[in-house]
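Below: one structure, written as structure tokens.
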Ligand SMILES: C[S@@+](CC[C@H](N)C(=O)[O-])C[C@H]1O[C@@H](n2cnc3c(N)ncnc32)[C@H](O)[C@@H]1O
């Protein structure tokens, strides 16, 4: 059965503050973008779907590579922000479980920081439907690297791993392979760091879906605790990240 409704948490978490989201969230590192570009064949004229496009962070790269981009995004607030930044890119309201596109319409589908929100098996079938045989799927996530104790402590104060709506760092190759619709998936992980002031870091925490979905009082109290923890760090500070990419080709049906 197809799930047409956006999950309640996604609706609350992405239903407001789209402009802050766009300013505060990290960029995808160049090396991971270059990998997606090569692995998915994201060159001029490639018909590419940016699925769960949000404010257009990934679409901007696809446009810069001269791809023929279509974006799909369910949240009205996110779509409004997307259109402001990328007025010429076709943008459709829709979900991963019911993609508003014809069979075989795309050479590649990219899902940036969003696959965990989907009903995985349903979405993988829908994505395979809109990909041409041999077309490629790429998933990408920026995740905070908690291997350093200071980074782990900051995440703990913010309740990050406890509250994220999925198993952070999960190996999504298993999900892709289990669908039986794609050739064996590949994973690549890039380690990098982002330099942020305390204000920027606090703003970034405020855009996490579980924080954005909190009642105002609870959210403010959490951000006060984050600020107090940040006071123990240099300003600006280096925030370590791991970026995971998963790529796979659709098998011929
Ligand atoms: C963390 S944002 C990522 C946005 C963008 N791809 C980026 O890289 O910044 C997650 C996005 O997934 C969208 N989303 C949540 N559930 C979805 C679903 N079932 N189908 C499609 N998009 C969904 C949200 O509305 C939100 O815009």
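The values are calculated or read from the model by the stated rules, or taken from the named source; none is laboratory data. Please read these numbers as outputs of a predicted model, since none were measured by experiment. FYI the Cβ positions are ideal-geometry reconstructions off the backbone, even for glycines, and counts take in every protein chain you see.
Residue 1 satisfies every condition listed in (1) more than 9 Å from the ligand (Cβ to nearest atom); (2) under 23 Å from residue 166 (Cα atoms); (3) at pLDDT 95 or above except (3). Take residue 122 and tell me if it is within 16 Å of the ligand (Cβ to nearest atom) and either touching a helix residue (DSSP H, G or I) at 6+ places or on another chain (Cβ under 6 Å) or more than 17 Å from residue 69 (Cα to Cα) (or both). Considered against the rule, which asks whether it is within 16 Å of the ligand (Cβ to nearest atom) and either touching a helix residue (DSSP H, G or I) at 6+ places or on another chain (Cβ under 6 Å) or more than 17 Å from residue 69 (Cα to Cα) (or both), residue 122 comes out as yes. Restricting attention to the stretch 100-117, the residues that are modelled with pLDDT of 95 or more and either buried (at least 22 other Cβ atoms within 10 Å of the Cβ) or not in a loop (DSSP other than H, G, I, E, B) (or both) add up to 9.
Checking the stretch 102-112 against the condition returns a match, with at least one residue being more than 27 Å from residue 13 (Cα to Cα) and within 16 Å of the ligand (Cβ to nearest atom). Just one of the listed residues (52, 96, 46, 151) is under 30 Å from residue 178 (Cα atoms), more than 9 Å from the ligand (Cβ to nearest atom) and surrounded by 16 or more Cβ atoms within 10 Å (Cβ to Cβ), namely 46. Look at residue 81 and say whether it is touching a residue at least 40 places away in the same chain (Cβ under 8 Å) and within 9 Å of the ligand (Cβ to nearest atom). For residue 81, the condition - touching a residue at least 40 places away in the same chain (Cβ under 8 Å) and within 9 Å of the ligand (Cβ to nearest atom) - is not met. Every condition in (1) closer than 22 Å to residue 117 by Cα; (2) free of Cβ contacts under 8 Å to residues at least 24 places away in the same chain; (3) away from the ligand (no atom under 12 Å from the Cβ) is met by residue 73 except one, and the failing one is (3). Among the residues of the stretch 43-73, those identified as under 18 Å from residue 132 (Cα atoms) and either assigned to a strand (DSSP E or B) or out of contact with any strand residue (DSSP E or B) (no Cβ under 9 Å at 6 or more places or on another chain) (or both) are 43, 47, 48, 49, 50, 51, 68, 69, 70, 71, 72.
For every residue, the table says whether it meets (1) surrounded by fewer than 14 Cβ atoms within 10 Å (Cβ to Cβ); (2) more than 30 Å from residue 107 (Cα to Cα).
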position	(1), (2)
218	yes, yes
221	yes, yes
230	no, yes
236	no, yes
245	no, no
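Of the residues making up the stretch 124-160, those that are outside any helix (DSSP H, G or I) and more than 16 Å from residue 170 (Cα to Cα) number 9. Considering only residues in the stretch 30-43 that are touching a residue at least 60 places away in the same chain (Cβ under 8 Å) and away from the ligand (no atom under 13 Å from the Cβ), the one that is surrounded by the fewest Cβ atoms within 10 Å (Cβ to Cβ) turns out to be 31. One residue stands out among those in the stretch 55-70 that are free of Cβ contacts under 8 Å to residues at least 40 places away in the same chain and within 13 Å of the ligand (Cβ to nearest atom): the one that is farthest from the chain's Cα centre (by Cα), which is 69.
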